[in-house]
Every structure is written in C-alpha cells, then in structure tokens.
Amino acid sequence: MSNEVIQVNDVSRKLHQEYALLLEKLHMLQSAWHKATIRKGVLEASFASTASYGDVLEPIRQRLSELQSEHAVLSQQNVFLHSQVKNAKELYKRACEESSSLSSTVCSEKELLEEEYLQVMRLIDQFDPELQEDAPLVKAALAEQRVELRVLQDALDVVKQSMESDSIGEVLKSSSIFFASSSPTVEVPIEDISLPVTRGRLRLLTGPSGDGLQQLRDRHRVSVFIVSSNDQVSVRVRGHRSGVENCVSDIRRILSL
C-alpha cells in the first residue's frame with residue numbers, strides 16, 4: 001500500500017513538473033505570439049508607408065532617369081570638347097613654332113639689312129662725306145616729284161574722262177562758236193623768275209610731306225618747280241606778274257626762317 005502511494009506521488013510529481021514545463025512553454029509561446037503580432041503590425045504599417053512612398057518616389061525615379069540620360073549626353077560632349085582642346089593645343093603649338101621661325105627669319109633679315117646699311121654708309125663716307133648732308137635735299141626733291149606726278153596723273157584722268165563723255169564733233173563745234181563770238185584775245189604778260197636755294201634749305205619749301213610747292217601753286221595760281229644745274233639748286237616761278245611777285249615774296253620769307 002505504501003509502495004503504491006509512493007508511486008502515485010512520484011507520478012503526480014512528474015506530472016506536476018511536466019505541467020510546469022508546459023505552462024512555461026505556453027507563456028513563452030504567448031510572449032512570442034504577442035511579439036509576432038506586434039511585428040506583423042509594424043510590417044503592415046511599414047508596407048503601407050512604403051507603398052505611399054513609392055507613389056512619391058516615382059517622379060524622382062523618372063527625373064533620375066532623365067538626369068542619367070543628360071549625363072550620358074554631357075559625357076559625349078565632354079569627350080568631343082577634350083578632342084577639340086587637344087587639336088587647339090596642337091594648332092597653338094604649331095603656330096608658336098612658325099612664329100618663332102618667322103621671328104628668327106625677320107631678325108636675321110633685319111641684321112643683314114643693318115649690315116648692308118652700314119656698308120653703304122661706309123662707302124658714302126669713303127667717296128664723299130658731304131653726300132650725307134645732301135640726303136635730306138634728295139629726299140625732299142623726290143617727295144616733290146611724287147606730288148607733281150600725282151597732280152599730272154589727276155589732270156590726265158580729268159582729260160580722259162572729258163574725252164570719254166563728250167564727242168569730238170560737239171567739242172569742236174562749241175569751241176568754234178565760242179571763238180567766233182568772243183572778243184579779240186588779250187595777251188597776259190608772263191613773268192619767269194628763278195631763286196637760288198642754298199644747301200639744306202630746300203626742305204623748308206617742300207615741307208615734311210613734300211606738298212609745299214603745290215601749296216604755293218594753289219595759293220598764287222602760278223607754276224613752281226625745282227631746277228638743278230651745275231650743282232646749283234633753284235626754284236623757278238612762272239606765271240602772271242602779281243602771282244609771281246607774291247609767290248617769290250613767300251619763298252624768300254620761307255627760306256629766311
């Protein structure tokens with residue numbers, strides 16, 4: 001009898017222990033289920049939030065795609081610009097080399113011209129030292145000759161234009177009528193005076209630009225030109241008396257400066 005009681009007690013104790021273990025596991029499962037329920041709620045809320053964010057992020061994704069396309073185009077343009085810059089550098093380098101070559105060539109030619117000039121000046125000093133003093137005189141005379149040639153060319157152009165615009169018959173007819181109806185010709189006395197010019201003074205008349213004598217012609221309506229004979233330079237004035245006298249007075253005044 002006592003043995004049965006002991007066995008019943010042992011079985012009861014074991015059952016109680018198993019019950020306690022099962023109860024503890026039940027509490028653990030309940031706790032896990034509660035946590036799972038909370039996690040489920042969090043996940044559902046997160047899913048809903050993610051879905052709402054997806055609608056907001058869609059325009060951003062589209063804009064990001066557009067920016068990526070623009071970036072690809074800009075990358076291509078960047079490659080093209082790099083090639084252009086490289087070509088420009090090559091051209092600049094080549095231009096610098098050519099400029100350096102031309103500069104050296106010009107410098108060498110300048111040195112040769114300076115050497116030739118020095119040789120010419122040495123030859124001038126060797127043969128006639130006074131030729132250096134005559135250089136301004138010759139330069140002024142050449143300038144005056146250029147002015148006279150330009151005036152003659154202008155006169156020739158005017159004559160050519162008049163010959164092209166008018167017929168010869170009309171000119172002869174009008175001239176014959178004019179001379180037939182005009183009064184008898186009156187002769188105007190012509191004066192011709194030459195003034196000697198000392199060495200180095202001719203440039204006072206011609207001026208720095210070489211049009212001094214032309215100004216005298218225009219002012220007094222006379223002919224003024226340079227004459228050289230036996231190493232003597234003179235200015236010859238020819239025209240009506242009052243114009244010649246006034247022009248001679250101007251020439252003497254200029255030469256006396």
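The values are calculated or read from the model by the stated rules, or taken from the named source; none is laboratory data. The shown structure was predicted, so the numbers you read here are calculated from the model rather than taken from an experiment. Reconstructed Cβ throughout: ideal geometry from the backbone, glycine too, with neighbour counts over all protein chains shown.
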Original post:
List pairs: first in the range 206-221 and in contact (Cβ under 8 Å) with a residue 24 or more places away in the chain and under 15 Å from V244 (Cβ atoms), second surrounded by 13 or more Cβ atoms within 10 Å (Cβ to Cβ) and β-branched (V, I, T), Cβ under 7 Å, 6+ apart or cross-chain?
Top reply: L213/T206; L213/V224; L216/V224
Original post:
Of the residues that sit in the range 237-249 and are at pLDDT below 90 and surrounded by fewer than 16 Cβ atoms within 10 Å (Cβ to Cβ), which one is farthest from D192 (Cα to Cα)?
Top reply: S242
**OP:** Can you work out which of the residues in the range 199-231 that are under 47 Å from the mean Cα position of the chain (by Cα) and of a type in the set (D, E) is modelled with the highest pLDDT?
**Re:** D218
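Condition check ((1) closer than 11 Å to I251 by Cα; (2) not in a strand (DSSP E or B)) across all residues:
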position	(1), (2)
D192	no, no
L195	yes, no
Q215	no, yes
R219	no, yes
V224	yes, no
S228	no, no
R236	yes, no
Original post:
Would a scan of the range 45-63 turn up a residue that is assigned to a helix (DSSP H, G or I), within 60 Å of the chain's Cα centre (by Cα) and modelled with pLDDT of 85 or more?
Top reply: yes
